[in-house]
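The values are calculated or read from the model by the stated rules, or taken from the named source; none is laboratory data. Bear in mind the structure is a predicted one, so any value in this text is a computation, not a measurement. Every residue, glycine among them, receives a Cβ derived from its backbone with ideal geometry; neighbour counts consider all protein chains shown. Just so you know, the surface numbers come from the protein's heavy atoms only, side chains and all, with ligands and any DNA or RNA stripped out. Shrake-Rupley method; radii C 1.70, N 1.55, O 1.52, S 1.80 Å.
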Amino acid sequence: MHRVILPTFEDVRAAAARIAPYAAVTPVMRSDRLDALVGAAVHFKCENLQRGGAFKFRGATNAVWSLDDATAARGVVTHSSGNHGNALALAARSRGIPAHVVVPEGAVQAKVDAIVAAGAHIHRCEPTQAAREAAAAAVQKQTGADLVHPYADARVMAGQGTLVPELLRQAPGINTILFPIGGGGLASGCSIAAHGVEPSIRLFGAEPEGADDAFRSLRDGKRVGPFVANTICDGLRTLIGEPNFAVLQQHSVTALPVSDEETVAAMKLLWTELKLVIEPSSATVLAALLRYAPQFAGRTVGVVLTGGNVDLDALPW
């Protein structure tokens, strides 16, 4: 993977100003029952209500609007199983430039449909990380488009981090933040932003037991190699990126694995208590709150609900 210069808190602040005309300020929701179950004051940042149905719009928009005019005119390219591809297509459309998205076979159909509806050019590939990166490189070479990596891109990380200062303004007093971990774009951006505002904030990441590479990497002190994911959380099946892992180490993030069964139960609970439809990857955070409740007891917790692009007909309930 190409070397990435890590973003700073100033980059997050610049990203917030850059995306302000396009991104929504998403609401924060509370539930007395969920507070009681966890034993903490929990504030849910509803990025499932962001444009495109996921936090990914923040990073994609920052990347697209960071480009100079000549580069932008050649378009952008990425590889994505869904939300990032949709976000990049929407961001590109806001600037009137082409977007190319490499989509692996087996991606959630609702997410693929959203990418197409947003106007992107779809390129199919085998469902492996190597195939995704090779296909994106081929499209980049053919079109001259700028590569906007789903997570190992400083512009993307900075953009994702913009939700944290927003959350802290909406819910003063938060001393703990919990987010899902996949490739690590959100996790790294949020970590940089959180400690840029308040260095004492404790940081946690939730991930599926069937894709717990961040947990194992942080435990062993080195990034683990490729693995075969086994989880319903399609947005979290990716090996954490090298620069993203470095940020998680620097900011002392604690990874918390959860089972798919716990994740499905959390999806149901969020629907029941907050009337929110969220995708499995997003529900891992509530699953982690409940499974590891003693770690959050008595704290004021900001929780990132990352996305709501779910194929309701395919849910395992």
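Annotations
- Pro150 within 26 Å of Ala14 (Cβ to Cβ), at pLDDT below 95, open to solvent by less than 20 Å² (accessible area, probe 1.4 Å) and not aromatic (Phe, Trp, Tyr): yes
- Taking the criterion of being outside any loop (DSSP other than H, G, I, E, B) and within 29 Å of Arg219 (Cα to Cα), the residues of the range 270-283 that qualify are Pro280, Ser281, Ser282, Ala283.
- Only one entry in Gln109, Gln140 is of a type in the set (S, T, N, Q), open to solvent by 10 Å² or more (accessible area, probe 1.4 Å) and at pLDDT 95 or above, namely Gln140.
- Any hit, the range 275-289, residues being open to solvent by 50 Å² or more (accessible area, probe 1.4 Å), free of Cβ contacts under 8 Å to residues at least 40 places away in the same chain and in contact with a helix residue (DSSP H, G or I) (Cβ under 7 Å, 6 or more places away or on another chain): no
- Yes/no for Val304 being part of a loop (DSSP other than H, G, I, E, B), touching a Leu at 6+ places or on another chain (Cβ under 8 Å), in contact (Cβ under 8 Å) with a residue 12 or more places away in the chain and among the hydrophobic types (A, V, I, L, M, F, W, C): no
- All positions within the range 246-269 that are in contact with a helix residue (DSSP H, G or I) (Cβ under 6 Å, 6 or more places away or on another chain), in a helix (DSSP H, G or I) and either within 19 Å of Gly308 (Cα to Cα) or open to solvent by 10 Å² or more (accessible area, probe 1.4 Å) (or both): Glu262, Thr263, Ala266, Met267
- In this structure, Thr26 does satisfy being within 29 Å of Arg132 (Cβ to Cβ), in contact with a Cys (Cβ under 8 Å, 6 or more places away or on another chain) and of a type in the set (S, T, N, Q).
- Neighbours by Cβ (under 7 Å, 6+ apart or cross-chain): first from the range 189-211, in contact (Cβ under 8 Å) with a residue 60 or more places away in the chain; second among the small types (Gly, Ala, Ser) and assigned to a strand (DSSP E or B): Glu207/Ala255
- The range 118-143 residues that are in a loop (DSSP other than H, G, I, E, B), paired with ones that are of a type in the set (A, V, I, L, M, F, W, C) and surrounded by 14 or more Cβ atoms within 10 Å (Cβ to Cβ) (beta carbon under 6 Å, 6 or more apart): Ala118/Ala89; Ala118/Leu90; Gly119/Ala89; Ala120/Ala89; Ala120/Ala99; Ala120/Val101
- Whenever a residue of the range 213-236 is closer than 14 Å to Ala187 by Cβ, its partners that are of a type in the set (Val, Ile, Thr) and open to solvent by less than 50 Å² (accessible area, probe 1.4 Å), lying with C-beta atoms within less than 6 angstrom and at least six residues away or across chains, give the pairs Asp213/Val224; Asp213/Ile240; Ala214/Ile181; Ala214/Ile240; Ser217/Val224.
- Yes/no for Thr238 being assigned to a helix (DSSP H, G or I), open to solvent by less than 40 Å² (accessible area, probe 1.4 Å) and hydroxyl-bearing (Ser, Thr, Tyr): no
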